[in-house]
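What follows is a set of notes on a single structure, which appears directly below.
The values are calculated or read from the model by the stated rules, or taken from the named source; none is laboratory data. The shown structure was predicted, so the numbers you read here are calculated from the model rather than taken from an experiment. We place every Cβ from the backbone using ideal geometry, glycine too, and count neighbours over all the protein chains shown. Side chains are part of the model used for accessible areas, which takes the heavy atoms of the whole protein and leaves out ligands, DNA and RNA. Shrake-Rupley method; radii C 1.70, N 1.55, O 1.52, S 1.80 Å.
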Amino acid sequence: MAITFKGVTYDYQAGTPMSFSALKNIDLTVPDGDYLAVIGHTGSGKSTLVQHMNALLKPTSGSVTIGEREITSQTNNKDLKPLRKEVGMVFQFPEHQLFEETVKKDIMFGPMNFGKNEVEADQLADQMIDIVGLPENTADRSPFELSGGQMRRVAIAGVLAMQPRVLILDEPTAGLDPQGRTEMMAMFNRLHQEQGLTIILVTHQMEDVANYAKHVLVMDHGEAAKYGTAEEVFTDVEWLRANNLDLPIATQFAHQLTQRGANFTTVPLTTAELAQELARQLGGKRHE
Amino acid sequence: MNKLIFGRYLPMNSWVHRLDPRDKLTLSFFFFILVFMANNWETYLLLSIVTLFSIWMSKIPWHFFFRGIRPLIWLIIFTVLLQLFFSPAGSHVYWQWGPFLITQFGIVNSAYVFMRFLLIIAMSTLLTLTTQPLDLANGIESLMAPLKIVHFPVETTAMMLSIALRFVPTLMDETETIMNAQRARGVDFGSGSIMKQIKTVIPLLVPLFVSAFNHAEDLSVAMEARGYQPDTPRTHYRQLVWHRQDTISWGFYIVVFIGLLALRQLP
Ligand SMILES: Nc1ncnc2c1ncn2[C@@H]1O[C@H](COP(=O)(O)OP(=O)(O)OP(=O)(O)O)[C@@H](O)[C@H]1O
Ligand SMILES: [Mg+2]
């Protein structure tokens, strides 16, 4: 399911003296099956942008096309349910959306809203508890007794259980421990690879961008400042520095080597790529 | 939810914004008394002009102000209709149907009630639009200071009030976020049958309460960690100072008061 933005502008509190333009004239296409990373410093409009992708926000002007549905400022709030089933959204700090008595019931909430019966939803919940790496005995506990990281997993399971075709992740790993973060990102990537899930990831973690994203969008003060493949975006080191954005560690290392006279034909994004490239240049044996 | 401006603060820099909160609080209170003293169309006209003038002085755009209080108009209309249909007989009756009757007295009376409501809502909206919540709380604390003599916990009350005011916008934002998160999970707020709509309240209220309690707990820990004790005397970072313009504004309302007294005598 492709998502297309055409000249999208969004004003918070439009028509009041406090009106604030959070998105300015955005043009963007996310092809079906893409893995798009959205980066940019805090307040640049990332969350505002992705909330347009399942019509939680409607553009003040311009249009967003999601699959077959076109959303403009005139779109009626009714009949958005089919759209929201297709486009799942994990919010920043999704643990705030938990409310049911047990973890399992909370995970079943989404699928049942979208027309699954109790048996199907129950099965989905079991499956998702496993996928997000929650211990099985959590299923019947209250979500409010869990640790922050576990609550996060429950909330993510609740969205995955809706079986969306597009998954929007707004800083899904903020505040998780390093291991949990790696596991979580690997899990999303598996879903992307195996089920062809389109993923849109908002993040401050450049390593995640380097490891997984096919395309990168840099937001800056509500504008789409840069768009391209990860290699393209991370090549322009000076520009990224000027905009206070980090580089993945491998890229940073390579950049420092370049300044001392090394030469890379393509920018390495991950440690593996860097190691391989160095090994090749230094005439060592190719590893694995 | 975003449409309603009643109780919100609009940061701007006008003569009215800069007035002392104690001045604005007492003036609003005085104005409410004046509203209840009005007894004929001349007096209501005078008070309406005063209100419009006060709004004009605050530089708040007209369309913003009136669009903002429009949602409250239904409340007013409902009250007015009650007045209109259930006023006692005893003057000229225009229309009657069972217990409902419209009399000349009823019409005049409901027009007055309408004006009263509108004036009071307009003035209190103006008060909160031009005064920061914290200043309001400080003003109230300072005005209540005499109650300390009878051992009323003025400072604690003011602290509670300012905390409550401080968290209104936070909780409003959180409501919005939680609603969006549940919408993404397929909840339809505000559509479907009554039973369906009542059910949608639970996924909204539970997280909201949880977050309110969490805020309360975090805040109390943070306050204790910084040595807060409820009954020690405290100073204020922002001192309230009564300026010349505060006296001028009171002078203006005294003149209005005298004018009102004169107009009241008209038949
Ligand atoms: N409900 C709102 N009302 C008014 N302004 C808002 C609202 N939500 C966000 N904004 C403003 O819109 C801008 C973009 O916000 P947004 O949440 O999209 O940023 P972000 O890029 O997701 O930031 P972060 O990395 O901190 O999550 C910010 O300047 C913010 O102040
Ligand atoms: Mg955000």
Exercise for the section: Would you kindly state how much longer the chain becomes between B:M144 and B:D231 on full extension, computed as 0.36 nm times their sequence separation minus their alpha carbon distance, in nm to one decimal? Expected result: 29.7 nm
Handout entry: Using a Förster distance of 30 Å, the FRET efficiency for A:H204-B:T157 (Cβ separation, nearest 0.05)
Key = 0.10
Practice task
Extending each Cα 7 Å along its Cβ direction at B:Q132 and B:F64, get the distance between those two points in nm, one decimal.
Solution key: 1.8
Problem - In the stretch A:49-153, the trypsin sites (Lys or Arg not before Pro) that fall in loop regions by DSSP, at most 10 other Cβ within 10 Å - result: A:K78
Fill in the blank from the handout: Mean 1/r over distinct Cα pairs of the stretch A:115-269, inverted to a Kirkwood Rh in Å, yields 17.7
Handout entry: Dipole magnitude (debye, nearest 20) for the stretch B:145-226, charges at Cβ of Lys, Arg, Asp, Glu
Key = 240
Handout entry: Number of partner chain Cβ atoms within 10 Å, mean per residue of A:106-113
Key = 3
Completion exercise
Under the helix-only model (-39500 (n - 2.57) for each DSSP H run of 4 or more, divided by the residues of chain A), the mean residue ellipticity at 222 nm, to 500 deg cm²/dmol, is -11000 deg cm²/dmol
Exercise for the section: Sequence neighbours fewer than 8 away in the same chain don't count; with that in mind, list the lysines whose C-alpha is under 17 Å from A:K6. Expected result: A:K24, A:K46, A:K58, A:K226
Practice task
For helix A:271-281, report the angle its Cα long axis makes with the longest principal axis of the Cα atoms of chain A; keep it between 0 and 90° and round to the nearest 10°.
Solution key: 20
Problem - Between the stretch B:99-165 and the stretch A:40-67, the alpha-carbon center distance in angstrom - result: 40
Handout entry: Inter-centroid distance (Cα atoms) of the stretch A:202-261 relative to the stretch B:234-265, Å
Key = 60
Practice task
Lys and Arg at +1, Asp and Glu at -1: add these up for the other residues within a Cβ distance under 15 Å of B:F252 and post the number.
Solution key: -1
Fill in the blank from the handout: With label points set 7 Å from each Cα along the Cα-to-Cβ direction at A:Y227 and B:E176, the distance between them in nm comes to 2.6
Completion exercise
Measuring from its Cα centre, chain B shows a charge dipole (+1 at each Lys and Arg Cβ, -1 at each Asp and Glu Cβ) which, in debye to the nearest 20, is 520
Problem - Residues in the stretch A:12-51 that a label on A:T4 would reach, taking backbone N under 13 Å of a point 7 Å out along Cα→Cβ - result: A:27-32
Completion exercise
Contact order relative to length for chain A, counting C-alpha pairs under 8 Å separated by 6 or more residues, stands in percent at 21
Handout entry: Buried solvent-accessible surface, both chains (A, B), 1.4 Å probe, Å² to nearest 100
Key = 2000
Practice task
For peptide A:84-95, compute the average count of partner chain beta-carbon atoms within 10 Å of each residue's beta-carbon.
Solution key: 3
Fill in the blank from the handout: If each part is reduced to its alpha-carbon centroid, the stretch B:26-78 and the stretch A:82-141 end up apart, in Å, by 51
Problem - Nitroxide proxy distance, nm - points 7 Å out along Cα→Cβ at B:F252 and A:E194 - result: 7.1
Exercise for the section: From other protein chains only, count the Cβ atoms within 10 Å of every residue's Cβ in A:151-159, then give the mean. Expected result: 1
Handout entry: Per residue accessible area of the protein assembly as shown, 1.4 Å probe, in Å²
Key = 53
